[in-house]
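Read the structure below first, then the notes.
The values are calculated or read from the model by the stated rules, or taken from the named source; none is laboratory data. What you are looking at is a predicted structure, and each value in this text was computed from that prediction instead of being measured. Every residue, glycine as well, gets a Cβ built from its backbone with ideal geometry; the counts of neighbours run over all protein chains shown. These area figures cover heavy atoms from the full protein model, side chains too; ligands, DNA and RNA do not enter into them. Shrake-Rupley method; radii C 1.70, N 1.55, O 1.52, S 1.80 Å.
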Amino acid sequence: MILTDTHLAEGIYNITFDWPVFFSQLFGFAVIVWFFVKYVVPPVKRIMNNAQDQIRRQLEESEAAAQRLATAKAAYDNAVAEAQAELDRMREEARADADRIIQQMREAAAAEVERVRKQGRDQILQYRRQMIRDLEQDLAAAMLALTEEKVREQIGSPQARADSIERFLEDLEALANSGEAARRQPQTERK
């Protein structure tokens, strides 16, 4: 196999090299490359730069959002902790208020019980006094009735009347005599 200018290989492939076609194809390729570099690459580059800028901005925004998220999470955690502390404080205040109210109610109930007891004692004492007065009156009335009945029985007979009148007169006489003796004593003492 011998190589010539026009044929590179013989056989099944029959490859030949044609310089004018090669240069025209090279020129066409250069024109296509120039066309791509001049008209296609700048818009594609611009689109790629815009896309890169947009991705860079999105990354920066994502980082800023992540920082804001971290700040918001910290603020949320802080707010939750403060709310829990406030809730605990409010619970303690509510317990203290409840204990204070219970103590006040116990004191008020104790005062009310003491007042009711005192009022009950006073009322019982008043009922007792009233009952004693009523019993004394009933007893006096019963004694008078019994005495009157006994006197009537005693005076009912003529002999008892005479004895009674005689005793009454003797008592009067004794009383009169004792009155004279009493009048005489102050006169003798003056002398």
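Toward the positive end of the charge dipole of the chain, with +1 on the Cβ of Lys and Arg and -1 on the Cβ of Asp and Glu, the farthest Cα among 13, 111, 30 is that of 111.
Given the Cα-Cα distance of residue 40 and residue 166 and 0.36 nm per residue of separation, how much length would full extension add, in nm?
That works out to 28.5 nm of additional length.
Result for the chain in a Gaussian network model with C-alpha springs under 10 Å: among 174, 75, 94, the largest mean-square fluctuation is at 174. Local charge for residue 167 was computed over the other residues whose Cβ lies under 14 Å away, with Lys and Arg +1 and Asp and Glu -1, and equals -4. With R₀ set to 35 Å, the beta-carbon distance separating residue 74 from residue 106 gives a calculated FRET efficiency near 0.15. For segment 32-112, the C-alpha radius of gyration sits at 2.86 times the compact-globule guess of 2.2 N^0.38 Å, with N the residue count. Estimated from helical segments only, the mean residue ellipticity of the chain at 222 nm is -32500 deg cm²/dmol, where each DSSP H run of four or more residues counts as -39500 (n - 2.57). Computed from the C-alpha gyration tensor, the three semi-axes of the ellipsoid equivalent to the chain are 155, 23, 12 Å, from longest to shortest. Count Lys and Arg as plus one, Asp and Glu as minus one, and take only other residues whose Cβ is under 13 Å from that of residue 92; the net charge is then -1. Most mobile of 118, 38, 73 per a Gaussian network model of the chain (Cα springs, under 10 Å)? Between 118, 38, 73, it is 38 that shows the largest mean-square fluctuation.
Which percent of the accessible area of segment 1-137 is formed by carbon and sulfur heavy atoms (probe 1.4 angstrom)? Solvent-exposed carbon and sulfur of segment 1-137 make up 63 percent of the total. Annotation: per residue accessible area for segment 4-146 equals 90 Å², rounded to a whole number [probe 1.4 Å, protein chains only]. Between residue 125 and residue 145, how high is the FRET efficiency from 1/(1 + (r/R0)^6) when r is the Cβ-Cβ distance and R₀ = 41 Å? Nearest 0.05. So, using R0 = 41 Å, E works out to roughly 0.85. Amide hydrogen proximity for residue 16: with H placed 1.01 Å from N in the peptide plane, the residues at 5 or more positions away or on another chain lying under 5 Å are 8. The modelled label-to-label distance between residue 65 and residue 17, using points 7 Å beyond Cα along the C-beta direction, is 6.0 nm.
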